[in-house]
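Right, one structure below, let's go through it.
The values are calculated or read from the model by the stated rules, or taken from the named source; none is laboratory data. Predicted model, so just to flag it, every value in this text is computed and none were measured. Heads up, the Cβs are rebuilt from the backbone with ideal geometry, glycines too, and the neighbour counts pull from every protein chain shown. Please note that ligands, DNA and RNA were not included when accessible areas were found on the heavy atoms of the full protein model with its side chains. Shrake-Rupley method; radii C 1.70, N 1.55, O 1.52, S 1.80 Å.
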Amino acid sequence: MQHGATLDEFLAEHMASMPQATELHGLLGDIAKACIDLSDLVRRGELAGVLGAAGQENVQGEEQKKLDVIANDVFIELTEGTGRLAGLASEEMDNHYPIPEQHKRGRYLLTFDPLDGSSNIDVNGSTGTIFSITEHDKDDAPVDADFLQTGRQQVCAGYCLYSSASMLVLTLGNGVAGFTLDNKRNEFVLTHPNMSVPATTNEFAINAAYSEHWQAPVKQYIAHCVAGKSGPIGKAFNMRWAGSMVGDIHRILCRGGIFMYPLDERMIKDGKAGKLRLLYEANPMGMLIEQAGGMAHTGLEPILDISPDNLHQRVPVLMGSKEEVQRVVDYHAAHT
Ligand code: P6P
């Protein structure tokens, strides 16, 4: 498929041989529409009156931004009545959102983080929407447990990055494609047909403010990175931390890197298994990274193999260039 094709044209060609293509193609069109609406709101910021706190907390106990709530509502409004979804679940809702009685239920479950990195929104930093699509192959309405599928069961995963350009990046299980929003046409246009993560890198992404809490394998790895050419890894490293997983993962899909949000002693004390959520952050991003030739791991197991316990389960996250992720996995093995 050539540069400049629209998302619609790309999906028509790539999904021609897929079963239920029409419904999934339509759902991706709905998601694209929601992302275009959000991109406009993010870009207009204060002019649209969407900055600042919403004055309430979400199920994670995190302060919600106005745009967290607005983004969640935009996705519900644009998808609940299309007959393509059996249900939705998101970071912003305690339980799943059932399709209202008056609407036909469809085949797919949409699990999403409506506005990832929302702490960046008031300072004009990168933010994004992350989405994961699985199937609900039962006649009855789904319950929360029906969303608890492994990352390997995703039929589609993607994100929309709201940054200097807005980009939709997705995988249907056969490679990763990136589309740039043409604001003049309000269309996503194919600009990155085959995104792939370089196997090697010299760039790591981690919030180094928490280094005192890291466990031994992570402390050892970062120490080896900053030891530079004379250190055990034998090369000088650079560091980036976007404060939004979408921003960091997009950079890694473009030029390589290793993204780390590991388990640390603070989390263990708080009874948490990590910071990032499995169903709507680690799984969709893990599918994209693996489809792009990278590696997605907790340090102890591949992320996509995890059987979820609950909608908002947290996991440690290491993902990106295979050589460095494997190195950190080896450091974990050496410490067990
Ligand atoms: P910290 C955003 O809140 C998020 O969930 C990810 O998008 C991002 O990578 C991470 O948390 C940032 O966490 O602790 O650096 O603010």
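Here are some notes:
- Straight-distance candidates among the lysines for linking to residue 104, with alpha-carbon spacing under 25 Å and chain neighbours fewer than 8 residues away dropped: 33, 138.
- Cα-based Rg / Dmax (Å) for region 109-230: 18.8, 61
- Apportionment of accessible area to carbon and sulfur, the chain, percent (1.4 Å): 48
- Ratio of the Cα radius of gyration of region 7-192 to 2.2 N^0.38 Å, where N counts its residues: 1.00
- Look at where the Cα atoms of region 245-316 and of region 28-65 average out, and the two centres are 23 Å apart.
- 1.4 Å probe accessible area per residue over the chain, in Å²: 41
- Where only C-alpha atoms are counted, convex hull volume of region 203-334 per residue in Å³: 102
- Of the whole protein surface, residue 233 contributes about 30 Å² of accessible area at a 1.4 Å probe radius.
- Candidates 218, 59, 325: whichever shows maximal mean-square fluctuation once the chain is modelled as a Gaussian network with Cα springs under 10 Å: 59
- With 5 Å bins beginning at zero, the pair-distance distribution over Cα atoms of region 69-162 amounts to 3, 13, 24, 24, 18, 10, 5, 2, 0, 0 %.
- Between residue 227 and residue 93, the distance separating the two model label sites (each 7 Å from Cα on the Cα→Cβ line) works out to 5.0 nm.
- Whole-number D in µm² s⁻¹ for the chain, Kirkwood Cα-pair radius fed into Stokes-Einstein, 25 °C, 0.890 mPa s: 121
- Region 203-334, relative contact order [Cα under 8 Å, separation at least 6], %: 27
- Computed over protein heavy atoms with a 1.4 angstrom probe, the accessible surface ordering of 134, 180, largest first, is 180, 134.
- Nonlocal amide H pairs with residue 314, under 5 Å, H built at 1.01 Å: 273, 278
- A straight Cα-to-Cα reach below 19 Å connects residue 235 with the aspartates and glutamates 203, 323, 324, 330, residues fewer than 8 places away in its own chain not being considered.
- Straight-line cross-link partners of residue 219 among the aspartates and glutamates, defined as a Cα under 13 Å from its Cα and at least 8 positions apart when in the same chain: 264, 265.
- Highest-MSF residue in the chain out of 138, 65, 272 [GNM, Cα springs under 10 Å]: 138
- Applying both filters, DSSP loop and at most 13 other Cβ atoms within 10 Å, to the GluC sites (Glu not before Pro) of region 251-336 eliminates every site.
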